[in-house]
1. Provide the per residue accessible area, probe 1.4 Å, for the range A:32-89, rounded to a whole number of square angstrom.
2. List the chymotrypsin sites (Phe, Trp or Tyr not before Pro) within the range B:125-207 that DSSP assigns to loop and that have no more than 14 neighbouring Cβ atoms inside 10 Å.
3. Of the options B:Ala246, B:Ser235, A:Gln157, report the single residue whose Cα projects farthest towards the positive end of the charge dipole of the protein assembly as shown (beta-carbon charges: Lys, Arg +1; Asp, Glu -1).
4. Could you check the spin-label model distance between A:Ala759 and B:Ser146? Points 7 Å from the Cα along Cα→Cβ, value in nm.
5. Using θ = phi - 60° and the Karplus curve 6.51 cos²θ - 1.76 cosθ + 1.60, what whole-Hz ³J(HN,Hα) does each residue of the range A:579-593 get, with Gly and Pro shown as x?
6. For the protein assembly as shown, with only Lys/Arg (+1) and Asp/Glu (-1) charged at the beta-carbon, what is the dipole magnitude about the Cα centre, in debye rounded to 20?
7. Roll a 1.4 Å probe over the protein chains and send me the accessible area per residue for the range A:803-930 in Å².
8. So in the protein assembly as shown, which Cys have no other cysteine's beta-carbon sitting under 4.7 angstrom from theirs?
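The values are calculated or read from the model by the stated rules, or taken from the named source; none is laboratory data. Just so you know, these numbers come straight off a predicted model, no measurement behind them. Quick reminder, even Gly has a Cβ in these numbers, built from the backbone with ideal geometry, and neighbours come from all protein chains shown. Calculation scope for accessible area: heavy atoms of the full protein, side chains included, ligands and nucleic acids excluded. Shrake-Rupley method; radii C 1.70, N 1.55, O 1.52, S 1.80 Å.
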Amino acid sequence: MKVAGFFLLGLASVFSVQRDNFRTCDNVGFCKRHRALEPGTSSYAASASSMKLNPTSVSLDVLEKKSDVKFTLTIFGLKDNTFRIRLEEKDAMRKRYEPPVGDVLIKVPEGEELKYNGQSGNQLTFNKGTSRVVLTTEPLRIDVYSDDDPVISINSQGLLKFEHTRPKPEAPPAENQDEENKEEAQEGEEEQQKEEEVKEEEVKAEPEEPDMWEETFKSHTDSKPFGPTSIGVDISFPGVEHVYGIPEHADSLALKTTKTTDPYRLYNLDVFEYDLYNPMALYGAVPLMLAHNEKRTVGVFWLNAAETWVDISSNVADKSIFSNLADFVTGNNEIPQTDTHWFSESGVIDVFLMLGPGPKDVFRQYAALTGTTPLPPLFSISYHQCRWNYNDQDDVRTVDENFDKFDIPYDVIWLDIEHTDGKRYFTWDAAKFPNSIEMLRNISSKGRKMVTIVDPHLKRDDNYKVFAEARDKGLLIKNKDGGDFDGWCWPGSSGWPDFLEKHVRDWWADKFSASEYVGSAPNLYVWNDMNEPSVFNAPEITVNRDIKHLGGWENREVHNIYGMYVHEATMDGLLKRTNYQERAFVLTRAFFAGTQRTAAVWTGDNMGEWSHLKISNPMIMSLNLVGITFSGADVGGFFRNPDNELVTRWYQAGAFQPFFRAHAHLDTKRREPYLLPDENVKVIREAIRARYTYLPYWYTEFFTSEKDGAAVMRPLWVEFPKEKATFGIDDNYMIGSALLVRPVTDQGATNANVYFPGAGEVWYDVETYQTYKGQQEVNVQAPLSKIPVYQKGGTIIPRKMRPRRSSTLMFDDPFTLVVALDPKQEANGQLFIDDYRTFKYRDGAYGFIKYSFTSHKLHSNVEHQGSGFTTKEWLERVIVVGLPHEPRKVTLHQSGQTKELIFTYDSTTHVLIIRKPGVNILQNWTISLH
Amino acid sequence: MEENGDDLDETGDRYEDGDKSETGDKHDGVDELVANGKGNVQERPKSVPRGVHFSDAGSYKADARGLFKCLESELRIPMNQVNDDYCDCPDSSDEPGTSACPHARFFCTVQIPHRDVQFVYSSHVNDGICDCCDGSDEWQDKRVPSNMKLDGKTGAVFHTPCIDRCGDVMKILEDEQRIRRQGLLRQKRYLVAARNLTLFQRQKYGPAGIFYLLSQQCYEHKAHEYVYTVCPFESVRQQGTGGFGAKTMLGRHGEWTKQKSGDYVHSMRNGDATLCPDGQPRQTQLRFLCGLEDGIIDVTEASKCRYDVRFSSPAAC
């Protein structure tokens, strides 16, 4: 949608991020303190004699020797090749925030037996399956081995630093200080400079630990009543050169070393016109990193909701300890290693180590911790038409009609903030939307939906019921002095419900009922924007760190999780409307680990520029790697006016990304696809239609991903983990295991370099059926009309080739199966079908069909058909690609009967098209080629 | 095994233009039309395949070998594969009556004379929504999923079972034509007013200066929070309702960008640029539509600082 900067900068032609609105590591006390640590001997030591062994865990006392502060270290064995390591302060003065179980972790992770394997010198060994943990007591260090290979080392660099709770040293009386702060905030820079001088004097007392009890950024002072609370440790991946994940950053898929930059920052922020290829924080945060080499993928999940930074550097492994590494890094004297250094402003050290060994194993292991994306309703993975703003009901009607007039499918039309009565969410501008129900009914009659925006800031207006209620019931977040926090956002002065509290989320959810959200209807869904939260007049355009949540936490402790609670409560509200019968849809901008369970994510306010089209691929892939499979970027770019070519290419890319929505800023020219020149309209129509033809495949992929947590939009290395050439590629990707996509993202390009992975694999152009062998890069023709998309030999993809106005109207249209043969003349695929919209599939009301082609026979095997589930969908066509010889005859066998089928065969492309088998899709049958 | 095709009508004539404009061809002439039910609609004869316009029936006849030739390719297919709910021709021509081909057009069985040719895209055939006024595009009579009807009521479109609405359509058409006829009768005043203009001056005001009279007056329109003052060919201005705030110039003078019967667009440029994207001045398109009175129908601002004024006048008839 839009950002704070719009307000702050007015309409000035400032075309990039205002970097000085945001803190760099140099402006962040704890970042400086952790970054200043030099690798060396850790001052932390575990006491072997304190060891307490439990069936699935072990805990020990740890002593920080300089301060004599005691900590408890616990190592948990978890099911499915996973370990958890926690370090917490033993006698803390104040409890530290940890996200409640059920909110990030879906449950207490299931333990698995951890066997103590004895002590050798200062090393204790614990075994679990084929993995083991070696704990060096002094200096404290943890090495994790999988099948005898060292895979993860913790504190091997000695960077562990846990800032224990402590009383505030002599300081001016608190009240005076508060007054001073207020004055400072008002009096501006001169005063600010003075203040900094004062601070420097304080610093002298403890020179190695600056900014511990108060920090100032621009005109804002952070009171830090609890002093320094940060935590951090180094985590190394021996044998690894490539690490991925920790979104959200506008950067390449493979993370870079941060030697010459700031660390990657995770702090949910509303960044106006964000820059590309840098480690600045953006709207959301998932502290999950994947480390990958030819042999193994592992994951590290740093469970912490506070501001977090991650430094990355390339190193060389210590071979004396890791002799086994030489086994697979042959001929190379130096074994590579990636060192990472994680530090957060507060919380405890709580790290999950997922040992794979494959990428899909890590997906499953992470999914077991934080859950998966539930199967989206079909409409939501179709095409969405958005703009800030469609002005009124007539405007909506005109756009809706034009899509039909130009025969372009779309499923959802969106309304941005201007549809409300003065940015009071849950209301309508009565002059512009006098009869929203009629409007909703009209689009519903074509199977379409609407999404309206509902942001978490509530206009401070006594006559605005939602605000007044939140205030009167005490549901709003507080400032540090205990009054309701008052900040500026779209409506002006606003308050923010404290979504961390269950009762507040329940209250919010009820606002979506038909009686509360007047003028809504069952085909209305919701978009949560600005939920970082964005606060225009606060430091870094977000709430002050020292504001108070209702449970007593400071925002600094919970910052990154707030946005997730907003969309979770919203989703709950939408589900409640139908008593949890119908699936719903919520889009969020802010996110955290666990977001995948209740919202789709988009990459925020991008720009209508080629570089932003290009970055959308790695950004969405990074989200997919951390479980947020249902994600996308604004097609066309939010800011600025993209030219026709860019809009067209962006549609082609978006059609093959999981969440497919066009969006545009209020100041841009209209760019609905039908407004473009004929040539572009034609290409965009085909791109959107292509998306619809592949909906059965996308839908089936989302269904399987709900079970296994796998990325839907996958980096090539996920499918070809042993192929090193793929590790750095982020302009080609896979959808599921069958489709390779290489969107054209360069201006004026008529060619594109496509990397076809997989030795011995064969790939087919989905339009021309041209064949490409695996493990090579090919420069292919890619004129404006071409989307380079390839189906892997050995796969079967279900499609629906008949265009309709909306996905809903495809209800009983027939399928086409595209059977792409591998060099062994075999292929496999699957299809999931249900009612496309309710939760009945969870009670088994769905069909799941497996297809296999072998020995010149295509088999349809209904693996699941829920009782009472039937469909009228049928099979109209089978396309067999890569068949070297024309069959004499093609027959269909079903229920003991045989029928001859008509077919055509193209001897130049080696494509067989079997005409109209005509069988119901939910049946067993065999088609034989003779 | 299910057969999803439909029985085939054996013969027909070819519709010569497979690539019609978006709105189809207009039947010329201003013949009198009487809306008396189906009395003077044209109906596809049973001998013409479903979805084929009767004037194109010739193209849907079998060749000597009993084959159908796809209209825009050399491919020939057995005649019984025409309209059998499977797309054989790469140009979509073998399935005029079904949804099987992606780029086909279904010509409604009932055609109303003097109107745009009635067709629907193949994507609209048998989807549960009645698009042809006679409902002929919904010959399979499929029912849409129940959740498409909010509160059980239908919305902008009609769902199956279709009812014959051609009478209503003809009535609307008749109203349009009546207005047009009456409008034409009222044009004399506009032509007379422009009589004393030079040829050069007249050009500024449309064919024979017919819109000149409108330039002699300003028109006001209230929409949401603004009052618009349109002085055709001179200026368009906007002010907050109740005289609130300064007047903003939305465009002045300008030029014709379209000038054909039923589609007159006058573009006015060089408005105020304050608060506009990239500092570009405001622009207004004045679209004249046939109506019995002079006046503004509505004003919209689809993109910021780009205004569209729809203006009703007999001069546009």
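1. Normalised by residue count, the accessible surface of the range A:32-89 is 45 Å².
2. Numbers: sites: B:Trp139, B:Phe158, B:Tyr190, B:Phe200, B:Tyr205; in loops: B:Trp139, B:Tyr205.
Answer in residue order: no site qualifies.
3. Final value for the positive-end residue is B:Ser235.
4. Simple spin-label model gives 5.8 nm for this pair.
5. Computed from phi, the couplings for the range A:579-593 are 6, 6, 8, 9, 6, 9, 9, 9, 10, 10, 9, 7, 7, 8, 4 Hz.
6. Details: 144 positive and 184 negative charges, 594 e Å.
It comes to approximately 2860 debye.
7. Working: 5170 Å² over 128 residues.
Value returned for the range A:803-930: 40 Å² of accessible area per residue.
8. A:Cys386, A:Cys489, each lacking another Cys Cβ under 4.7 Å.
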